[in-house]
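Here the structure is laid out as structure tokens; the discussion comes afterwards.
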Amino acid sequence: MQKAVRDAPINFMAATAQAQAEATKEAQRAGIAHAKGRDDAYRGRKPSYTRIQFDIVRAQLTQGASVSAIARDTGLSRQTIYRIQEDPAEAEAALARWAA
């Protein structure tokens, strides 16, 4: 009985926190859906690389250079190089969405 009384406030706070997290996620989804409905309002996160860096990465990847060497040459993180390597079309599209 004492354990149930002791755990009740903790369980209540956990349930409240989870409900708040779900409400926040739903509000975020609704906001993104609304922004996507407008013309060019939702572009996603800005790429961490420039067009020049992207072109250098693509050229060096086709030449067979290592990811670490490309990262050193361009100043980008290895994860960014891997992301470009994995889906070059999406990387190109991200640059196009943020083109000024």
*Residues located in the stretch 64-100, provided they are among the aliphatic types (A, V, I, L, M), within 29 Å of Ala35 (Cβ to Cβ) and not in a loop (DSSP other than H, G, I, E, B)*: Ile84, Ala89, Ala91, Ala93, Ala94, Leu95, Ala96
*asked:* Just to be sure before I move on: is Gln85 without any contact (Cβ under 8 Å) to a residue 60 or more places away in the chain and touching a helix residue (DSSP H, G or I) at 6+ places or on another chain (Cβ under 9 Å) in the structure I sent?
replied: yes
_Quick test of your reading of the structure: Leu61 fulfils all but one of (1) of a type outside the set (Ser, Thr, Tyr); (2) within 20 Å of the chain's Cα centre (by Cα); (3) part of a helix (DSSP H, G or I). Name the failing condition by number._
(2)
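Do we have Thr50 as within 19 Å of Trp98 (Cβ to Cβ), among the hydroxyl-bearing types (Ser, Thr, Tyr) and in contact with a Ser or Thr (Cβ under 9 Å, 6 or more places away or on another chain) here?
no
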*Does at least one position in the stretch 7-27 carry a residue that is surrounded by fewer than 13 Cβ atoms within 10 Å (Cβ to Cβ) and among the aromatic types (Phe, Trp, Tyr)?*
yes
_Some residue of the stretch 77-95 being loosely packed, with under 12 Cβ neighbours inside 10 Å, more than 18 Å from the chain's Cα centre (by Cα) and hydrophobic (A, V, I, L, M, F, W, C)_ = no
_Taking the criterion of being hydrophobic (A, V, I, L, M, F, W, C) and in a helix (DSSP H, G or I), would at least one residue in the stretch 34-49 satisfy it?_
yes
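All of the numbers you see were taken from the coordinates with simple rules; none came from a lab. From a predicted model like this one, the values you see are computed outputs, not experimental measurements. As a convention, Cβ positions derive from the backbone with ideal geometry for all residues, glycine included, and neighbour counts pool all protein chains shown.
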